[in-house]
Every structure is written in C-alpha cells, then in structure tokens.
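Working notes for the structure below.
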Amino acid sequence: CGVLEVGCGQGDLLATVVQRLQAKAGGRTIDALGVDGSPGAILTCCGRYPSLHWAADSLEHFLVTHDDIALDDAGRPRRYDLVLDKTGAIFIDSYEAACAYFARIDALMRPGARYVYIASRHYYDEVLSKKNYADWPRDWLAIAAATWTPEALHDDVAPALRGYLKRVFRKGAGNAG
C-alpha cells in the first residue's frame, strides 16, 4: 500500500493514517511519502516520524520530477493507493493549473486508488470559494469529481468538530493513469 500526502505540514495526518493502515494490515509496512514546500515543516516531520519518507519541495516541482526521484525498491516510479490532500494545494490559483494538478495526481495513482480531500468548511466556503475559485468554471471539488468518482462524504456537522468537510474520490479500476 502506498500513501502520498501533498502539503503534509508537520506530518501528523500522514503518520496517523499510516498507523491505522498498519494496524489493519497486521503491522505490514506502508510505503508513505509526505511532501511540503516548507523545509522547516519537513525537518519537524523527520524528527517526529523518522520511519516515514519526507520531501521538502514545492508541489509543482515535486509533481514534475516525481517519476525521477520517488522510486520504489525495484527502481520504478512509486504509485499510490491513497493520496491525502488537507488543503495542501491551496496555493494553486488558476483553473488551468488546478486541472493540470489533478491530471498529474491521477497519473501517480494506481487503478482503484483514493484521493481524500479535507478542509475546514469555513475556509473552503468563505475563503477559497470566494477568492481562489470565484472565476473558475468549476471549483476544486467539482474538478476532483470530474477526474475521479465521488465515493463518500464525511462532513463534521457538530460545531465542536469545527466543521471539516471530507471528500473521498476513487480512481476507476480500468483507468491506468
């Protein structure tokens, strides 16, 4: 199982997901990679979670160079069963760049893989939708839904849960990227 987190920050989400996947897989090793544009955040990740792989790189550069630098044990480019995006790509401010981002992420995913997007509902609705996506033909989640099959909604509705929205999309099994 391969897991990629874009915009991993200090690594807590990726570490938690890997721990849960390992528990379900009987302790089997999970191939995980977190990427973030902040070298300081990646240093924190390395200190907190040294058993995971981390990359300090801009997302744009990482996605372009991925197949040359992120190799599996057999020397092939890594492919992922799960991609986590906790508003990791919010810096993308054009519709064309967003579509290119989704196409590149799709190419990194194995057939049947999942893309999970997590964002504060307030931030998505009040900041991103009104600033970043206001002039786009489709917003971020609509582009994701056009790229992959929407699979699940897991929205926190209780105020104590801070109103996070979580969307899960699945890459078609017949789509090899």
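The values are calculated or read from the model by the stated rules, or taken from the named source; none is laboratory data. Values in this document were obtained by computation on a predicted structure and should not be read as measured data. So basically every Cβ, Gly included, is an ideal-geometry build from the backbone, and we count neighbours across all protein chains shown. Note: areas computed on protein heavy atoms with side chains; ligands, DNA, RNA excluded. Shrake-Rupley method; radii C 1.70, N 1.55, O 1.52, S 1.80 Å.
Answer yes if at least one residue in the stretch 59-72 is surrounded by 18 or more Cβ atoms within 10 Å (Cβ to Cβ) and touching a His at 6+ places or on another chain (Cβ under 9 Å), and no otherwise.
Residues of the stretch 59-72 that are surrounded by 18 or more Cβ atoms within 10 Å (Cβ to Cβ), as a first pass: 59, 62-63, 66, 70.
From the residues that got through so far, the ones that are touching a His at 6+ places or on another chain (Cβ under 9 Å) too are 70.
Yes, that holds for at least one residue.
When you scan the stretch 152-171, do you find a residue that is loosely packed, with under 11 Cβ neighbours inside 10 Å, under 18 Å from the mean Cα position of the chain (by Cα) and either modelled with pLDDT of 90 or more or assigned to a strand (DSSP E or B) (or both), even just one?
So far as the stretch 152-171 goes, yes, one or more of its residues are loosely packed, with under 11 Cβ neighbours inside 10 Å, under 18 Å from the mean Cα position of the chain (by Cα) and either modelled with pLDDT of 90 or more or assigned to a strand (DSSP E or B) (or both).
What number of residues within the stretch 84-110 satisfy the criterion of being closer than 17 Å to D57 by Cα and in contact with a strand residue (DSSP E or B) (Cβ under 7 Å, 6 or more places away or on another chain)?
8
Restricting the first residue to the stretch 46-74 and requiring it to be more than 22 Å from C1 (Cβ to Cβ) and touching a residue at least 24 places away in the same chain (Cβ under 8 Å), which pairs with a second residue that is among the charged types (D, E, K, R) and open to solvent by less than 40 Å² (accessible area, probe 1.4 Å) meet a Cβ separation below 8 Å and a spacing of at least six or different chains?
If the second residue must be among the charged types (D, E, K, R) and open to solvent by less than 40 Å² (accessible area, probe 1.4 Å), no pairs are left.
Can you report the number of residues in the stretch 101-132 which are more than 30 Å from A173 (Cβ to Cβ) and either among the acidic types (D, E) or touching a residue at least 12 places away in the same chain (Cβ under 8 Å) (or both)?
Initial filter on the stretch 101-132 (more than 30 Å from A173 (Cβ to Cβ)): 120-123, 125-132.
Next, from what is left, pick out any that are either among the acidic types (D, E) or touching a residue at least 12 places away in the same chain (Cβ under 8 Å) (or both): 120-123, 125-126, 128, 132.
Within the stretch 101-132, residues that are more than 30 Å from A173 (Cβ to Cβ) and either among the acidic types (D, E) or touching a residue at least 12 places away in the same chain (Cβ under 8 Å) (or both) number 8.
Here is a check on your reading of the model: is A142 without any contact (Cβ under 8 Å) to a residue 24 or more places away in the chain, assigned to a strand (DSSP E or B) and either of a type outside the set (F, W, Y) or open to solvent by 50 Å² or more (accessible area, probe 1.4 Å) (or both)? Give the derivation first.
Details: without any contact (Cβ under 8 Å) to a residue 24 or more places away in the chain: yes; assigned to a strand (DSSP E or B): no; either of a type outside the set (F, W, Y) or open to solvent by 50 Å² or more (accessible area, probe 1.4 Å) (or both): yes.
No: the conditions fail for A142.
From the list G75, G47, which one is more than 25 Å from Y124 (Cα to Cα), small (G, A, S) and open to solvent by 60 Å² or more (accessible area, probe 1.4 Å)? Even if it seems obvious, please write down each step before you answer.
On the way: G75 fails: open to solvent by 60 Å² or more (accessible area, probe 1.4 Å).
Criteria check complete, one pass: G47.
Within the stretch 93-115, how many residues turn out to be farther than 24 Å from E151 by Cα and either open to solvent by less than 40 Å² (accessible area, probe 1.4 Å) or in a strand (DSSP E or B) (or both)?
Matching residues across the stretch 93-115 total 1.
If T87 satisfies every condition in (1) in a loop (DSSP other than H, G, I, E, B); (2) surrounded by fewer than 17 Cβ atoms within 10 Å (Cβ to Cβ) but one, which is the exception?
Of everything listed in (1) in a loop (DSSP other than H, G, I, E, B); (2) surrounded by fewer than 17 Cβ atoms within 10 Å (Cβ to Cβ), T87 misses just condition (2).
Of all residues in the stretch 13-27, which are in contact (Cβ under 8 Å) with a residue 12 or more places away in the chain and over 25 Å from F102 (Cβ atoms)?
A15, A25
Hey, L59 hits all of (1) at pLDDT 90 or above; (2) in contact with an Asp or Glu (Cβ under 9 Å, 6 or more places away or on another chain) but one; which does it fall short on?
Looking at each condition in turn, L59 falls short on (1).
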